[in-house]
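Note sheet for the following structure.
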Amino acid sequence: MWPTTPATLFIWLVLIQGSYALYEGMYCGKENCYEVLGVGRDDSKGDIAKAYRKLARKWHPDMHQGAEAKATAEKEFQRIATAYEILRDADSKTDYDYMLDNPDEFYWHYYRYYYRRVTPKVDVRLVIAVTITVISACQYYVAWNNYRSAVSYLLQVPKHRTRAMQIAREEKLLETDKKKLRGKSKSEIREEEEEVLKKVIEEKMDISDEDRGGYSKPHWTDILWVRIILLPYTTALYIKWYVTWIWRFNIKKEEFGEEEKFYLIQKYMNCTKTQWESVDDEQKREYLKLRLWKKAEFDEWKAEREAEMKAKLAESSRYKSIRRYLKNNKQQMTFGPE
(Lines give C-alpha, C1' and ligand atoms only; values in the text may rest on other atoms or scores of the structure.)
Protein backbone atom coordinates (compact mmCIF):
# COMPACT_ATOMS: atom_id res chain seq x y z
CA MET A 1 0.00 0.00 0.00
CA TRP A 2 1.53 3.37 -1.03
CA PRO A 3 1.65 6.29 1.45
CA THR A 4 -1.08 8.88 0.93
CA THR A 5 -0.20 11.69 3.37
CA PRO A 6 2.95 13.90 3.55
CA ALA A 7 3.85 12.54 7.01
CA THR A 8 3.64 8.89 6.00
CA LEU A 9 5.49 9.68 2.75
CA PHE A 10 8.36 11.25 4.72
CA ILE A 11 8.58 8.23 7.07
CA TRP A 12 8.50 5.88 4.09
CA LEU A 13 11.34 7.77 2.38
CA VAL A 14 13.39 7.71 5.58
CA LEU A 15 12.95 3.95 5.90
CA ILE A 16 13.83 3.39 2.26
CA GLN A 17 16.91 5.60 2.51
CA GLY A 18 18.08 3.87 5.69
CA SER A 19 17.92 0.47 4.01
CA TYR A 20 20.98 1.25 1.86
CA ALA A 21 24.51 1.14 3.19
CA LEU A 22 25.91 3.57 0.63
CA TYR A 23 24.86 7.20 0.29
CA GLU A 24 25.37 9.72 -2.49
CA GLY A 25 27.69 12.58 -1.51
CA MET A 26 29.49 10.63 1.23
CA TYR A 27 32.69 8.62 1.10
CA CYS A 28 32.73 6.86 -2.31
CA GLY A 29 29.07 7.59 -3.06
CA LYS A 30 27.12 4.56 -4.25
CA GLU A 31 30.32 2.56 -4.73
CA ASN A 32 32.15 0.51 -2.14
CA CYS A 33 35.57 2.02 -1.37
CA TYR A 34 37.09 -1.42 -0.86
CA GLU A 35 35.85 -2.60 -4.25
CA VAL A 36 37.17 0.56 -5.92
CA LEU A 37 40.70 -0.29 -4.75
CA GLY A 38 40.22 -4.03 -5.05
CA VAL A 39 41.04 -4.74 -1.39
CA GLY A 40 39.24 -6.36 1.53
CA ARG A 41 38.21 -4.95 4.90
CA ASP A 42 40.80 -7.06 6.70
CA ASP A 43 43.70 -5.95 4.50
CA SER A 44 46.48 -4.00 6.19
CA LYS A 45 47.25 -0.34 5.66
CA GLY A 46 50.29 -1.36 3.61
CA ASP A 47 48.18 -3.54 1.31
CA ILE A 48 45.72 -0.68 0.77
CA ALA A 49 48.57 1.72 -0.08
CA LYS A 50 50.11 -0.83 -2.46
CA ALA A 51 46.80 -1.31 -4.29
CA TYR A 52 46.33 2.45 -4.56
CA ARG A 53 49.80 3.05 -6.01
CA LYS A 54 49.25 0.33 -8.60
CA LEU A 55 45.92 1.82 -9.73
CA ALA A 56 47.26 5.38 -9.55
CA ARG A 57 50.07 4.52 -11.97
CA LYS A 58 47.59 2.90 -14.31
CA TRP A 59 45.03 5.72 -14.32
CA HIS A 60 47.21 8.80 -13.94
CA PRO A 61 46.12 11.32 -16.62
CA ASP A 62 49.73 11.78 -17.79
CA MET A 63 49.81 8.11 -18.80
CA HIS A 64 47.05 8.57 -21.36
CA GLN A 65 46.92 10.28 -24.74
CA GLY A 66 44.00 12.08 -26.30
CA ALA A 67 41.38 14.34 -24.77
CA GLU A 68 38.76 11.63 -24.27
CA ALA A 69 41.22 9.18 -22.75
CA LYS A 70 42.59 11.86 -20.41
CA ALA A 71 39.07 12.83 -19.29
CA THR A 72 38.24 9.18 -18.52
CA ALA A 73 41.54 8.75 -16.68
CA GLU A 74 40.95 11.88 -14.58
CA LYS A 75 37.56 10.61 -13.42
CA GLU A 76 38.96 7.18 -12.61
CA PHE A 77 41.99 8.68 -10.86
CA GLN A 78 39.73 10.93 -8.74
CA ARG A 79 37.60 7.91 -7.84
CA ILE A 80 40.67 5.94 -6.74
CA ALA A 81 42.12 8.88 -4.79
CA THR A 82 38.82 9.42 -2.94
CA ALA A 83 38.65 5.75 -1.91
CA TYR A 84 42.25 5.84 -0.72
CA GLU A 85 41.69 9.02 1.32
CA ILE A 86 38.83 7.26 3.14
CA LEU A 87 40.65 3.99 3.84
CA ARG A 88 44.14 5.24 4.69
CA ASP A 89 42.97 7.23 7.73
CA ALA A 90 42.21 4.95 10.68
CA ASP A 91 39.37 7.08 12.10
CA SER A 92 37.74 7.61 8.70
CA LYS A 93 38.04 3.89 7.90
CA THR A 94 36.41 3.01 11.23
CA ASP A 95 33.49 5.33 10.49
CA TYR A 96 33.15 3.86 6.98
CA ASP A 97 33.14 0.28 8.30
CA TYR A 98 30.51 1.25 10.87
CA MET A 99 28.35 2.68 8.08
CA LEU A 100 28.61 -0.56 6.11
CA ASP A 101 27.58 -2.56 9.19
CA ASN A 102 24.80 -0.18 10.29
CA PRO A 103 23.17 1.23 7.16
CA ASP A 104 20.00 2.34 8.96
CA GLU A 105 21.80 5.03 11.05
CA PHE A 106 22.30 7.35 8.10
CA TYR A 107 21.86 10.59 10.06
CA TRP A 108 24.72 9.56 12.34
CA HIS A 109 26.79 8.67 9.28
CA TYR A 110 26.20 12.09 7.76
CA TYR A 111 27.28 13.74 11.02
CA ARG A 112 30.46 11.68 11.36
CA TYR A 113 31.43 12.15 7.70
CA TYR A 114 31.07 15.91 7.62
CA TYR A 115 32.51 16.26 11.12
CA ARG A 116 35.72 14.58 9.88
CA ARG A 117 35.83 16.77 6.79
CA VAL A 118 35.12 20.11 8.48
CA THR A 119 37.10 19.70 11.73
CA PRO A 120 40.73 20.84 11.29
CA LYS A 121 43.17 18.00 11.81
CA VAL A 122 45.40 19.91 14.21
CA ASP A 123 46.81 18.59 17.46
CA VAL A 124 44.92 20.23 20.32
CA ARG A 125 48.14 20.37 22.34
CA LEU A 126 49.76 22.46 19.62
CA VAL A 127 46.79 24.85 19.60
CA ILE A 128 46.99 25.24 23.40
CA ALA A 129 50.75 25.78 23.28
CA VAL A 130 50.48 28.44 20.58
CA THR A 131 47.63 30.17 22.42
CA ILE A 132 49.59 30.30 25.69
CA THR A 133 52.66 31.58 23.83
CA VAL A 134 50.68 34.39 22.19
CA ILE A 135 49.04 35.33 25.51
CA SER A 136 52.44 35.32 27.25
CA ALA A 137 53.99 37.54 24.57
CA CYS A 138 51.08 40.00 24.69
CA GLN A 139 51.13 39.97 28.49
CA TYR A 140 54.85 40.78 28.63
CA TYR A 141 54.57 43.48 25.95
CA VAL A 142 51.59 45.17 27.64
CA ALA A 143 53.31 45.03 31.05
CA TRP A 144 56.45 46.70 29.69
CA ASN A 145 54.42 49.26 27.77
CA ASN A 146 52.43 50.19 30.89
CA TYR A 147 55.61 50.41 32.96
CA ARG A 148 57.35 52.68 30.45
CA SER A 149 54.24 54.85 30.24
CA ALA A 150 54.22 55.13 34.05
CA VAL A 151 57.90 56.12 34.09
CA SER A 152 57.31 58.70 31.35
CA TYR A 153 54.44 60.10 33.39
CA LEU A 154 56.65 60.35 36.49
CA LEU A 155 59.07 62.52 34.50
CA GLN A 156 56.27 65.07 34.20
CA VAL A 157 55.77 65.17 37.99
CA PRO A 158 57.93 68.06 39.29
CA LYS A 159 59.11 66.43 42.53
CA HIS A 160 60.26 63.22 40.79
CA ARG A 161 61.84 65.05 37.86
CA THR A 162 63.73 67.39 40.16
CA ARG A 163 65.01 64.48 42.25
CA ALA A 164 66.04 62.51 39.14
CA MET A 165 67.86 65.54 37.75
CA GLN A 166 69.69 65.99 41.07
CA ILE A 167 70.85 62.35 41.13
CA ALA A 168 71.92 62.50 37.48
CA ARG A 169 74.04 65.58 38.16
CA GLU A 170 75.56 64.16 41.35
CA GLU A 171 76.58 60.98 39.57
CA LYS A 172 77.61 62.89 36.43
CA LEU A 173 75.27 60.95 34.20
CA LEU A 174 74.36 64.00 32.13
CA GLU A 175 76.78 65.13 29.47
CA THR A 176 77.93 68.70 30.23
CA ASP A 177 81.06 68.95 28.09
CA LYS A 178 80.25 71.53 25.42
CA LYS A 179 82.82 70.06 23.05
CA LYS A 180 81.06 66.67 23.08
CA LEU A 181 77.67 68.33 22.73
CA ARG A 182 78.86 70.32 19.73
CA GLY A 183 77.16 69.19 16.55
CA LYS A 184 74.05 67.89 18.33
CA SER A 185 70.72 69.64 17.98
CA LYS A 186 68.68 70.76 20.97
CA SER A 187 66.13 68.02 20.34
CA GLU A 188 68.85 65.32 20.36
CA ILE A 189 70.30 66.68 23.62
CA ARG A 190 66.79 66.76 25.08
CA GLU A 191 66.11 63.15 24.06
CA GLU A 192 69.39 61.96 25.59
CA GLU A 193 68.58 63.80 28.82
CA GLU A 194 65.11 62.23 28.96
CA GLU A 195 66.57 58.73 28.54
CA VAL A 196 69.08 59.35 31.35
CA LEU A 197 66.33 60.60 33.67
CA LYS A 198 64.16 57.57 32.86
CA LYS A 199 67.00 55.24 33.81
CA VAL A 200 67.54 57.17 37.04
CA ILE A 201 63.86 56.82 37.95
CA GLU A 202 63.88 53.10 37.10
CA GLU A 203 67.15 52.13 38.76
CA LYS A 204 68.13 54.72 41.38
CA MET A 205 64.93 56.16 42.82
CA ASP A 206 62.75 54.45 45.43
CA ILE A 207 59.30 55.21 44.08
CA SER A 208 56.26 53.38 45.39
CA ASP A 209 54.10 51.31 43.05
CA GLU A 210 51.22 53.58 44.00
CA ASP A 211 53.06 56.54 42.41
CA ARG A 212 53.69 54.41 39.34
CA GLY A 213 49.96 53.78 39.03
CA GLY A 214 50.40 50.19 40.25
CA TYR A 215 52.71 49.27 37.37
CA SER A 216 55.84 47.64 38.75
CA LYS A 217 58.75 46.60 36.56
CA PRO A 218 57.84 43.39 34.69
CA HIS A 219 59.69 40.22 35.60
CA TRP A 220 60.02 37.03 33.59
CA THR A 221 58.42 35.01 36.40
CA ASP A 222 55.15 36.89 35.79
CA ILE A 223 54.77 35.43 32.29
CA LEU A 224 51.91 32.94 31.91
CA TRP A 225 54.13 30.20 30.45
CA VAL A 226 56.54 30.42 33.39
CA ARG A 227 53.69 30.37 35.91
CA ILE A 228 52.23 27.25 34.30
CA ILE A 229 55.62 25.49 34.29
CA LEU A 230 56.24 26.45 37.93
CA LEU A 231 52.66 25.63 39.00
CA PRO A 232 53.55 22.21 40.57
CA TYR A 233 56.40 23.84 42.50
CA THR A 234 54.33 26.80 43.71
CA THR A 235 51.47 24.46 44.62
CA ALA A 236 53.83 22.32 46.70
CA LEU A 237 55.17 25.43 48.44
CA TYR A 238 51.63 26.61 49.23
CA ILE A 239 50.63 23.21 50.65
CA LYS A 240 53.77 23.16 52.78
CA TRP A 241 53.10 26.71 54.01
CA TYR A 242 49.43 25.95 54.75
CA VAL A 243 50.19 22.75 56.67
CA THR A 244 52.92 24.57 58.65
CA TRP A 245 50.48 27.38 59.46
CA ILE A 246 47.84 24.94 60.72
CA TRP A 247 50.42 23.05 62.79
CA ARG A 248 52.04 26.12 64.37
CA PHE A 249 49.09 28.42 65.00
CA ASN A 250 45.99 26.20 65.08
CA ILE A 251 47.35 23.11 66.81
CA LYS A 252 50.39 24.28 68.80
CA LYS A 253 48.83 27.72 69.44
CA GLU A 254 52.10 29.60 68.85
CA GLU A 255 52.19 33.40 68.92
CA PHE A 256 52.18 35.18 65.57
CA GLY A 257 55.47 36.68 64.43
CA GLU A 258 55.72 40.05 62.67
CA GLU A 259 55.61 38.43 59.22
CA GLU A 260 52.47 36.46 60.07
CA LYS A 261 50.81 39.56 61.53
CA PHE A 262 51.50 41.53 58.37
CA TYR A 263 50.11 38.65 56.30
CA LEU A 264 46.83 38.65 58.24
CA ILE A 265 46.50 42.44 58.01
CA GLN A 266 47.09 42.30 54.25
CA LYS A 267 44.53 39.51 53.96
CA TYR A 268 41.85 41.40 55.93
CA MET A 269 42.46 44.54 53.85
CA ASN A 270 42.15 42.56 50.58
CA CYS A 271 45.44 44.07 49.40
CA THR A 272 47.40 42.62 46.52
CA LYS A 273 51.13 42.08 46.93
CA THR A 274 51.85 45.23 44.91
CA GLN A 275 49.42 47.32 46.95
CA TRP A 276 50.84 46.07 50.25
CA GLU A 277 54.42 46.78 49.18
CA SER A 278 53.44 50.38 48.38
CA VAL A 279 52.42 50.97 52.03
CA ASP A 280 55.27 52.71 53.86
CA ASP A 281 56.92 51.11 56.89
CA GLU A 282 55.62 53.76 59.30
CA GLN A 283 52.04 52.99 58.33
CA LYS A 284 52.64 49.27 58.73
CA ARG A 285 54.01 49.87 62.23
CA GLU A 286 50.87 51.82 63.02
CA TYR A 287 48.80 48.81 61.95
CA LEU A 288 50.79 46.65 64.36
CA LYS A 289 50.19 49.08 67.22
CA LEU A 290 46.46 48.93 66.51
CA ARG A 291 46.65 45.08 66.61
CA LEU A 292 44.86 44.81 63.28
CA TRP A 293 45.95 41.21 62.77
CA LYS A 294 43.13 40.30 65.14
CA LYS A 295 39.86 40.10 63.24
CA ALA A 296 37.75 41.78 65.91
CA GLU A 297 40.19 44.68 66.23
CA PHE A 298 40.35 45.01 62.45
CA ASP A 299 36.55 45.03 62.03
CA GLU A 300 36.26 47.75 64.69
CA TRP A 301 39.02 49.82 63.03
CA LYS A 302 37.42 49.38 59.61
CA ALA A 303 34.02 50.51 60.91
CA GLU A 304 35.61 53.62 62.43
CA ARG A 305 37.40 54.43 59.16
CA GLU A 306 34.19 54.05 57.19
CA ALA A 307 32.34 56.32 59.65
CA GLU A 308 35.07 58.94 59.35
CA MET A 309 34.91 58.76 55.57
CA LYS A 310 31.13 59.18 55.57
CA ALA A 311 31.44 62.19 57.89
CA LYS A 312 34.02 63.81 55.60
CA LEU A 313 31.85 63.17 52.57
CA ALA A 314 28.84 64.62 54.35
CA GLU A 315 30.79 67.83 55.01
CA SER A 316 32.12 68.01 51.45
CA SER A 317 30.32 70.60 49.33
CA ARG A 318 31.14 68.67 46.16
CA TYR A 319 29.62 65.49 47.59
CA LYS A 320 26.52 67.41 48.65
CA SER A 321 26.09 68.85 45.15
CA ILE A 322 26.35 65.36 43.65
CA ARG A 323 23.75 64.05 46.10
CA ARG A 324 21.38 66.92 45.24
CA TYR A 325 21.88 66.31 41.53
CA LEU A 326 21.06 62.61 41.85
CA LYS A 327 18.05 63.37 44.04
CA ASN A 328 16.63 65.98 41.69
CA ASN A 329 17.28 64.06 38.48
CA LYS A 330 16.53 60.61 39.93
CA GLN A 331 19.07 58.93 37.71
CA GLN A 332 22.58 57.58 37.90
CA MET A 333 25.52 59.63 36.73
CA THR A 334 27.33 58.09 33.81
CA PHE A 335 30.75 58.81 32.41
CA GLY A 336 31.95 58.48 28.87
CA PRO A 337 30.04 58.52 25.58
CA GLU A 338 26.35 57.76 25.48
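The values are calculated or read from the model by the stated rules, or taken from the named source; none is laboratory data. Quick caveat, the model's predicted, so the values are computed rather than measured. All Cβ positions, glycine included, derive from the backbone under ideal geometry; neighbour counts span all protein chains shown. Accessible surface is based on the protein model in full, side chains and every heavy atom, while ligands, DNA and RNA are left aside. Shrake-Rupley method; radii C 1.70, N 1.55, O 1.52, S 1.80 Å.
Quick notes on this structure:
- Qualifying residue in region 186-200 (condition: over 21 Å from Thr274 (Cα atoms), open to solvent by less than 50 Å² (accessible area, probe 1.4 Å), modelled with pLDDT of 75 or more and not in a helix (DSSP H, G or I)): no
Rundown of residues vs (1) closer than 30 Å to Glu202 by Cβ; (2) surrounded by 13 or more Cβ atoms within 10 Å (Cβ to Cβ); (3) touching a His at 6+ places or on another chain (Cβ under 6 Å), yes/no style:
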residue: Cys33; (1), (2), (3): no, yes, no
residue: Ile48; (1), (2), (3): no, yes, no
residue: Gln65; (1), (2), (3): no, no, no
residue: Ile135; (1), (2), (3): yes, yes, no
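- Scanning region 63-106 for residues that are small (Gly, Ala, Ser) and in contact (Cβ under 8 Å) with a residue 60 or more places away in the chain gives no hits.
- Region 268-285 residues that are touching a residue at least 40 places away in the same chain (Cβ under 8 Å), paired with ones that are not acidic (Asp, Glu) (beta carbon under 7 Å, 6 or more apart): Thr274/Gly214; Thr274/Ser216; Ser278/Ser208
- Residue satisfying all of: in region 292-322; of a type in the set (Lys, Arg) and surrounded by fewer than 14 Cβ atoms within 10 Å (Cβ to Cβ); nearest to Trp241 (Cα to Cα) among these: Lys295
- Residue match in region 281-289 (condition: in contact with a helix residue (DSSP H, G or I) (Cβ under 9 Å, 6 or more places away or on another chain), among the aliphatic types (A, V, I, L, M), surrounded by 11 or more Cβ atoms within 10 Å (Cβ to Cβ) and at pLDDT below 90): no
- Cβ pairs under 7 Å, 6+ apart, first in region 298-320 and modelled with pLDDT of 85 or more and part of a helix (DSSP H, G or I), second among the hydroxyl-bearing types (Ser, Thr, Tyr) and surrounded by 12 or more Cβ atoms within 10 Å (Cβ to Cβ): Phe298/Tyr268
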